[in-house]
Amino acid sequence: GGTAIGSWLRLAGKLLGEHSGAVRHAILLTDGKNQHETDEKLDEALTECSGVFVCDARGVGTDWNVAELRKISSALLGSFLDVPDPKDLEADFREMTAVAMDKRVTDIMLRVWTPQHAKLKFLKQMVPTVDDLTGKRTGQGQIGDYPVGAWGDEEREYHLCVEVPAGDVGRQMRAAWLKVVAP
């Protein structure tokens, strides 16, 4: 009779949180909107579940909230897609499951070092999904870690923008140094 996505996310977090070290993945399929919880409750659930599991979100049909599913998949480092025709759901589910089962390393972080007085303007994942990672930074000073989830045999592309102070003409300067960090 209704949809309470935050409650579902909390339950998934509780079940999957017991399996640290494993690739933890959930698939959220909905044909509705989060109508029995406030936006604040959903945000609280996303904060609780961030880093616990990856969640791919799919909207089936036409009566679901695009911004809501995009927010969930972004916060939980998953993919987001609409499935307008339910007959396409089985193929999409098989593909999502195969991709998730191909993951081998969990909790990957992209570590970014910037020189003194430089400012990281943004860091975005562009492939396989577009996701702004800028606000997900942990760490202080010149080194920041950005969560990018579990990885398998895949390629990813990122867009990094760093503002550096003007220097002497002809002098070389490193604007950033990136490193992939596994637990």
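GNM remark for the chain: springs join alpha carbons under 10 Å apart, and the peak mean-square fluctuation among 33, 103, 87 falls on 87. Of the labelled figures (i) 16.8, 53; (ii) 20.0, 70; (iii) 18.5, 67, only one reflects Rg and Dmax of the Cα atoms in Å as derived from the coordinates, namely (iii).
Relative to one another, the C-alpha centroids of region 101-121 and region 159-183 are positioned 13 Å apart. Each residue was assigned an accessible area with a 1.4 Å probe, and for residue 130 the value is about 110 Å². In this Cβ point-charge picture (+1 for Lys and Arg, -1 for Asp and Glu), region 36-183 has a dipole of about 1000 debye about its Cα centre. Counting only alpha carbon atoms, the long axis of helix 89-101 and the longest principal axis of the chain meet at about 40°.
Compared with the direct C-alpha span, the chain from residue 104 to residue 156 gains 17.2 nm at full extension, assuming 0.36 nm per residue.
Rolling a 1.4 Å probe over the protein heavy atoms gives region 91-144 an accessible area of 62 Å² per residue. Computed in the context of the full set of protein chains, the accessible area of region 27-73 at 1.4 Å probe radius has 48% of its extent on carbon or sulfur.
Note on region 1-144: Lys pairs 8 or more places apart or on different chains, Cα atoms under 14 Å apart, count 6. Put simply, the amide H of residue 26, placed in the peptide plane, has neighbours under 5 Å in 54, 55, 56, leaving out anything fewer than 5 places away on its chain. Please check: in the Gaussian network model of the chain (C-alpha springs, under 10 Å), which one of 80, 53, 122 has the largest mean-square fluctuation. Taking springs between Cα atoms under 10 Å, the residue moving most is 122. As a length-normalised measure over Cα pairs under 8 Å and 6 or more apart, the relative contact order of the chain settles at 20 percent.
The values are calculated or read from the model by the stated rules, or taken from the named source; none is laboratory data. None of the values given here were measured: they were computed from a predicted structure. For neighbour counting, all protein chains shown are included, and Cβ atoms are generated from backbone atoms with ideal geometry for every residue, glycine included. Accessible surface is based on the protein model in full, side chains and every heavy atom, while ligands, DNA and RNA are left aside. Shrake-Rupley method; radii C 1.70, N 1.55, O 1.52, S 1.80 Å.
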